[in-house]
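Right, one structure below, let's go through it.
The values are calculated or read from the model by the stated rules, or taken from the named source; none is laboratory data. None of the values given here were measured: they were computed from a predicted structure. Neighbour counts are summed over all protein chains in view; Cβ atoms, including those assigned to glycine, are modelled from backbone coordinates with ideal geometry.
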2 protein chains.
Amino acid sequence: MKSSAKKALPAAKLKLVRLGIDTYRENVVYLHRDCEVYRAEGFQALSKVEICADGRRILAVLNVVDDAAIVAPDELALSEEAFDQLGLGEGQGVTVEHAQPPVSMDAVRRKIAGQRLDQQDFHSIVKDITESRYSKTEISAFLVASGQSDMDRDEVLYLTQAMLDSGERLDWEEPLVADKHCIGGIPGNRTSMLVVPIVAAHGMLIPKTSSRAITSPAGTADTMEVLANVELGIDKLHDIVRKHRGCMIWGGTARLSPADDIMISVERPLGIDSQGQMVASILSKKLAAGSTHLLIDIPTGPTTKIRHMRNAQRLKKLFEYVGDQLGIQLEVVITDGRQPVGNGIGPMLEARDVMQVLQNDPQAPNDLRQKALRLAGRVLEFDPDVRGGYGFAMARNILDSGRALERMNAIIEAQGVQTTSYALGKLTHDILAPTDGLVTAIDNFQMARIARFAGAPIDKGAGVDIFKKLGDVVEKGETLYRLYAEFPSDFKFALALCEQASGYTIGPQADITRAFMEF
Amino acid sequence: MKSSAKKALPAAKLKLVRLGIDTYRENVVYLHRDCEVYRAEGFQALSKVEICADGRRILAVLNVVDDAAIVAPDELALSEEAFDQLGLGEGQGVTVEHAQPPVSMDAVRRKIAGQRLDQQDFHSIVKDITESRYSKTEISAFLVASGQSDMDRDEVLYLTQAMLDSGERLDWEEPLVADKHCIGGIPGNRTSMLVVPIVAAHGMLIPKTSSRAITSPAGTADTMEVLANVELGIDKLHDIVRKHRGCMIWGGTARLSPADDIMISVERPLGIDSQGQMVASILSKKLAAGSTHLLIDIPTGPTTKIRHMRNAQRLKKLFEYVGDQLGIQLEVVITDGRQPVGNGIGPMLEARDVMQVLQNDPQAPNDLRQKALRLAGRVLEFDPDVRGGYGFAMARNILDSGRALERMNAIIEAQGVQTTSYALGKLTHDILAPTDGLVTAIDNFQMARIARFAGAPIDKGAGVDIFKKLGDVVEKGETLYRLYAEFPSDFKFALALCEQASGYTIGPQADITRAFMEF
């Protein structure tokens, strides 16, 4: 073998620097354009590179810097999350080289070409995603490819299993660990915060971990946070749950299905969410959280995620199939998704609704109360000692007697009463009925957008308070709903949106949206 | 209308700063975490925001900064390209607000759901992409969705038209403006640099604009740059072409189908390239460059882009359909894609091959010569005065007589002789035949990767020089090809790749890859 290597240079080391830039879930490395290694390696723009030292390595996307004050030619700077991931100290010498695209991208390309992937493929892809080896564009490509070609049932099963395996798994050491999850698409609808105290008061274990809202005006964690602390470590969680049989906390402290969080961070801004991904996301999170018995709520209606009964049925079958294969006992209910449930949209307003129901306040929104009782009843029926059909009455007794309120207060105290004092948004505006008539339709998407523009959930006192529901008679000039905002720019945005479309349709009785509900 | 706005804050202005970070085709804005506007607006991580002042506005993705040395709380910093796009001066006061997702994302989501898009949809999407309103993940989603569901012919037509309309369009003010384009997938194959001087010597107008390589070891612009300057403005271009009837320059100075460049920058790293996108990309660029007559070369073979004759036929039909609708006269030839064409892979080695052919050097690679003559002949037949079938002989005469060489030298002088003195890579290594036998297969992908790892095209002297072609007899220990590199790290990478797989298969006569060629 003829070889003539004239000079052998040692792999040049650069000084590691932590750059105070939060690039949100994508590792970015900054090299100066005059950096010797940058020029020698011939990195092309936006290359993915691998940074190594002391046996530790991470992948990152390359940004080139022309300002030595940001990073000097003999330095290598990492975005905050990338630096923390690498886990080394500033000033340490690191090397940087071309990174191979993740091997699993071949599987993604096969999926793009319409092929079916196997268990191994999904595991490789999810592993690479979890280890931050995928750029956002690669994740986006995978999501669109697998979403669009409608993964078959077994592919959804493989994906769910792979996501479940990507992180930790909690074990409550009890045979029955209940949970409830709504697929979303309806604002308000804070039934979880009623189901948990009711079911916990019965004595069934229901350690509920929830997300913060990403695109909706409030998640269970955001709303619960109005009342109590939700960011608890896993140890504290175990104590509370052993004592009170339930809790409502933010699930982010444990590493449950971390691939799911990464994928959602790309999915939501794109506004995509296929049935397969929905099932994989929800079931991987619930199984990771240690649930053995799960109630799934699929609201169905013309302005929510699932528009037609046939799609709701398809989704139900998919949940049932994957759930059964993975050993979780699952019940799916398809519910009325024609309008927001409850009166409030936004953390404080929803928390108010919840407390009104728990306090048996006559002002409490009856639709929220009824729905929560029905769902709680179904969860109670997971208890082998509860006769089928008797759950609703049991739930109602627990609520009416005040035991649910008592349990809620105990859970709030145990998690830590919220010390920050929140107030409703100071900027308000009433949206009025433009004519006489009945409320014939309410657009869930629009109501959610309005509440979000108004500042929810970041501003806990922002959102919408609904005065009139579907089928209600209104007179011209009557208030349909009240908008709350904390900041003028949010207020302005939300108002503009209301002006474009209030979300309400007023008309004759015959036009009232018919229900697709089935219980 | 009841409204209570307690305080009306003026829209806060931030001082514009240009940050020396090249984020490569994605606008990024940097705000300090303590920036008042950042906190008030409640921007969520990775929000897309709109930066405005003086009636100018751009969209950008938000990165949050924790280091006041990078951007102070009263400042707003933009990545280099974003700053240049906004076109204002440092220190100017700008406002920043939530940006709406581009309206055309609705169309993308419809495409993801499998629907057919119309002309208007494609125009909206391409317009938003061209105006930098799309993040890389949104572009990725669009590419995968439209690539996978195989846009029908008319959708490809709409996309091509939209991309053509996204930039400038050159007009040569002559009825016949010829061009030639190969879809790629074969290394070497520098036929354009032979077709242009031959056709120009005949007197036909052939103003060839080319790209630099993105994922291949050399593009026409990279190889021509070994001999002459290729980055010329449009005026200079017109002068040269009027005088010499042809040129070979880099197309980046004119804004030809700018959406194409943006889409390619996402497509290539992902490794995706559907037929519809390929046609839209090529035809939009050629039409924008003012071509009236276009020859398309589709190499077909087991290790190139198009693997089967049926796919080559499909692609040919698609080119013909869209080309006819858009009024460009198009001929498509399907050629032998079993191995690299010529001996050199990499800018200098390919330029050497080209000059050898033009000089009628007996060492010149005959496959390159023959293919170039066939293609040039087909282009010559665009001339109404050239009888069908006579093009090859005419091309051969022009080449053999030296008129093609003369014209090439004239074009090189007119563009500006290359003053930088390039040399072949100093680090070399011969890859030897492991056994006796014949070369039965050569892997185009692997050869291209090896040349690329070796440093091509950035290092003009890097690449591969092929000694043995398909069907050649070899003895154990004979050189199959020689590797050239400039830098030790590249050399090391390329060697490692050769060791993994040389790209060559040695075996018995019966195993030689059969040709799918048809001319």
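Give me the residue from the range A:135-168 that is more than 10 Å from chain B (Cβ to nearest Cβ) and touching a Pro at 6+ places or on another chain (Cβ under 8 Å) and, out of that set, nearest to A:G252 (Cα to Cα). Top of the filtered list is A:G167.
Within the range B:186-207, is there a residue that is within 30 Å of B:I345 (Cβ to Cβ), within 14 Å of chain A (Cβ to nearest Cβ), in a helix (DSSP H, G or I) and of a type outside the set (A, V, I, L, M, F, W, C)? No, the range B:186-207 has no match at all. Here A:G416 fulfils each of the conditions (1) small (G, A, S); (2) surrounded by fewer than 17 Cβ atoms within 10 Å (Cβ to Cβ); (3) in contact (Cβ under 8 Å) with a residue 24 or more places away in the chain; (4) under 28 Å from A:I306 (Cα atoms) apart from (4). Kindly check whether there is at least one residue in the range A:464-472 that is acidic (D, E), under 12 Å from A:T428 (Cα atoms), at pLDDT below 95 and touching a strand residue (DSSP E or B) at 6+ places or on another chain (Cβ under 8 Å). No, the conditions are met nowhere in the range A:464-472. The lone criterion from (1) within 30 Å of A:Q370 (Cβ to Cβ); (2) of a type outside the set (S, T, Y); (3) within 14 Å of chain B (Cβ to nearest Cβ) left unmet by A:L176 is number (3).
Sub-9 Å Cβ pairs linking a first residue in the range A:424-435 that is more than 9 Å from chain B (Cβ to nearest Cβ) and surrounded by fewer than 18 Cβ atoms within 10 Å (Cβ to Cβ) to a second residue that is small (G, A, S) and in a strand (DSSP E or B), at least 6 apart or interchain, are A:T435/A:G507, ordered by first then second residue. When B:V266, B:V279 are screened for being part of a helix (DSSP H, G or I), in contact with a Phe, Trp or Tyr (Cβ under 7 Å, 6 or more places away or on another chain) and crowded, with 24+ Cβ neighbours inside 10 Å, only B:V279 passes.
Just one of the listed residues (A:E406, A:E350) is at pLDDT 95 or above, at negative phi and surrounded by fewer than 21 Cβ atoms within 10 Å (Cβ to Cβ), and it is A:E406.
All conditions but one from (1) surrounded by 17 or more Cβ atoms within 10 Å (Cβ to Cβ); (2) more than 14 Å from every other protein chain (Cβ to nearest Cβ) apply to A:D171; the one that does not is (1). For A:D260, state whether it is in contact (Cβ under 8 Å) with a residue 40 or more places away in the chain and within 21 Å of A:T292 (Cα to Cα). For A:D260, the condition - in contact (Cβ under 8 Å) with a residue 40 or more places away in the chain and within 21 Å of A:T292 (Cα to Cα) - is met. The number of residues in the range A:221-263 being over 20 Å from A:N409 (Cα atoms), of a type outside the set (S, T, Y) and in a helix (DSSP H, G or I) comes to 10.
Among the residues making up the range A:297-355, those that are small (G, A, S) and not in a loop (DSSP other than H, G, I, E, B) are A:A312, A:G323, A:G344, A:A351. If you scan the range B:159-168, which residues turn out to be buried (at least 24 other Cβ atoms within 10 Å of the Cβ) and among the polar types (S, T, N, Q)? Of everything in the range B:159-168, just one residue is buried (at least 24 other Cβ atoms within 10 Å of the Cβ) and among the polar types (S, T, N, Q), namely B:T160. Taken over the range A:263-275, the criterion of being modelled with pLDDT of 90 or more and either within 7 Å of another protein chain (Cβ to nearest Cβ) or under 12 Å from A:K136 (Cα atoms) (or both) is satisfied by A:M263 alone.
Yes/no matrix, rows are residues, columns are (1) surrounded by 14 or more Cβ atoms within 10 Å (Cβ to Cβ); (2) within 29 Å of A:M224 (Cα to Cα); (3) within 23 Å of the chain's Cα centre (by Cα); (4) among the aromatic types (F, W, Y):
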{"site": "A:T440", "(1), (2), (3), (4)": "yes, no, no, no"}
{"site": "A:M447", "(1), (2), (3), (4)": "yes, yes, yes, no"}
{"site": "A:F453", "(1), (2), (3), (4)": "yes, yes, yes, yes"}
{"site": "A:G461", "(1), (2), (3), (4)": "yes, yes, yes, no"}
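Going by the conditions given, is B:E320 out of contact with any Asp or Glu (no Cβ under 8 Å at 6 or more places or on another chain), in contact (Cβ under 8 Å) with a residue 12 or more places away in the chain, of a type in the set (D, E) and farther than 30 Å from B:L405 by Cβ? Criteria met by B:E320.
Are any of the residues in the range B:147-165 modelled with pLDDT under 95, on the phi > 0 side of the Ramachandran plot and part of a loop (DSSP other than H, G, I, E, B)? There is at least one residue in the range B:147-165 that is modelled with pLDDT under 95, on the phi > 0 side of the Ramachandran plot and part of a loop (DSSP other than H, G, I, E, B).
The listed residues are A:D324, A:D385, and the only one of them that is more than 25 Å from the chain's Cα centre (by Cα) and surrounded by fewer than 19 Cβ atoms within 10 Å (Cβ to Cβ) turns out to be A:D385. Would you check if there is a residue in the range B:485-497 being surrounded by 19 or more Cβ atoms within 10 Å (Cβ to Cβ), within 27 Å of B:T335 (Cβ to Cβ) and touching a residue at least 60 places away in the same chain (Cβ under 8 Å)? No, the range B:485-497 contains no residue that is surrounded by 19 or more Cβ atoms within 10 Å (Cβ to Cβ), within 27 Å of B:T335 (Cβ to Cβ) and touching a residue at least 60 places away in the same chain (Cβ under 8 Å). Here the range A:492-519 is the region considered, the condition is being in contact with a Phe, Trp or Tyr (Cβ under 9 Å, 6 or more places away or on another chain) and of a type in the set (F, W, Y), and the residue that is modelled with the lowest pLDDT is A:F493. One residue stands out among those in the range A:174-185 that are part of a strand (DSSP E or B) and of a type outside the set (G, A, S): the one that is surrounded by the most Cβ atoms within 10 Å (Cβ to Cβ), which is A:D179. Screening the candidates A:L294, A:L256 for the property of being at pLDDT 95 or above and crowded, with 24+ Cβ neighbours inside 10 Å yields one hit, A:L294.
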